[in-house]
Amino acid sequence: MKILIMGPPGAGKGTIAEMLQENFDVVHLSSGDILRDAIKENNPLGMKAKAFMEKGVLVPDEIIIEIMKEKINADAFVLDGFPRNLVQVKKLEDADIKIDIVLNLQVSEETVISRISGRRICAQCGKIYHLKNMPPKKEDICDVCNGKLYQREDDKPQTIKERLNTYREQTEELVKYYDEKNILENIDAGGNKETTYDKITGLEWLKKRKYKSKAGL
Ligand code: ADP
């Protein structure tokens, strides 16, 4: 099962991909998380990517492709954040990696801005919170591991607009590309995460697969 999850920044790709990973035998491969880990580890490719990420623009293809090609080796995954333009799509296809289904999370710009500006992340385990919609029990502390919560540098207001522009100008055309291949599912992701998740698990495609999940669904 090879799933690609798409949508603008703040659509909830990471949150939904984590839910899928929890309940099905798929691994969540997030290019953004992989890049942030590379930076934390002082990996030279990560260091090259850093300035682009902080500006909210795409990291050059050769860097992201070099990083991702090591990572996309599972049989069953939810790919999140890659590919982000047609050059990257082509790379995936050249490597014979065939996506089964593309989940396109749709949300309004207003929702996106409110979600991103309230987003906080655990520095230790990566769990995602929202100051209003999904607050931690103790302010600034992760419920799961007691790690400290932080705000992503590119979640600050001045960068959000740039990321949305980048998405519109470079990534949104992939939606059309996958629609023409007949593997696109548009999902209204404007509600809470459970509602969005239920819409996805309710898709005929997932039901037909009779995929054996860890939860026994
Ligand atoms: P979001 O989807 O919310 O913008 P991500 O965590 O997926 O956030 O990405 C953060 C940043 O990492 C992007 O703004 C971009 O600079 C970089 N990035 C992630 N994936 C890619 C990719 N496939 N190609 C180029 N840059 C990428």
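The values are calculated or read from the model by the stated rules, or taken from the named source; none is laboratory data. All values reported here derive from a predicted model rather than from experimental measurement. Cβ coordinates were reconstructed from backbone atoms using ideal geometry, including for glycine residues, and neighbour counts include every protein chain displayed.
Picking from Glu54, Glu93, Glu70, Glu22, which residue would you name as being closer than 25 Å to Asp155 by Cα, acidic (Asp, Glu) and either away from the ligand (no atom under 14 Å from the Cβ) or part of a helix (DSSP H, G or I) (or both)? Only one candidate passes the filter, namely Glu54. For the stretch 65-90, which positions are farther than 20 Å from Glu180 by Cα, among the aliphatic types (A, V, I, L, M) and without any contact (Cβ under 8 Å) to a residue 60 or more places away in the chain? Ile65, Ile67, Met68, Ile72, Ala74, listed by residue number.
Select from the stretch 1-19 the residues that are among the charged types (D, E, K, R) and either without any contact (Cβ under 8 Å) to a residue 40 or more places away in the chain or not in a strand (DSSP E or B) (or both) and write down the one among them that is nearest to the ligand (Cβ to nearest atom).
The qualifying residue nearest to the ligand (Cβ to nearest atom) is Lys13.
Considering only residues in the stretch 57-67 that are in a helix (DSSP H, G or I) and under 17 Å from Asn43 (Cβ atoms), the one that is nearest to the ligand (Cβ to nearest atom) turns out to be Ile64. I want to confirm something. Restricting to the stretch 32-42 and keeping residues that are within 14 Å of the ligand (Cβ to nearest atom) and not aliphatic (A, V, I, L, M), which single residue is surrounded by the fewest Cβ atoms within 10 Å (Cβ to Cβ)? By that ranking, first place goes to Lys40.
Within the stretch 150-160, the presence of at least one residue that is under 27 Å from Arg115 (Cα atoms), at pLDDT 95 or above and more than 17 Å from the chain's Cα centre (by Cα) is confirmed. Of the residues examined, Asn182 is one that is in a loop (DSSP other than H, G, I, E, B) and polar (S, T, N, Q). Evaluate the stretch 177-188: report whether one residue or more is surrounded by 13 or more Cβ atoms within 10 Å (Cβ to Cβ) and within 21 Å of Ser114 (Cα to Cα). Yes - at least one qualifying residue is present in the stretch 177-188. Do we have Leu79 as crowded, with 19+ Cβ neighbours inside 10 Å, more than 10 Å from the ligand (Cβ to nearest atom) and either basic (Lys, Arg) or part of a strand (DSSP E or B) (or both) here? Against the criterion (crowded, with 19+ Cβ neighbours inside 10 Å, more than 10 Å from the ligand (Cβ to nearest atom) and either basic (Lys, Arg) or part of a strand (DSSP E or B) (or both)), Leu79 does not qualify.
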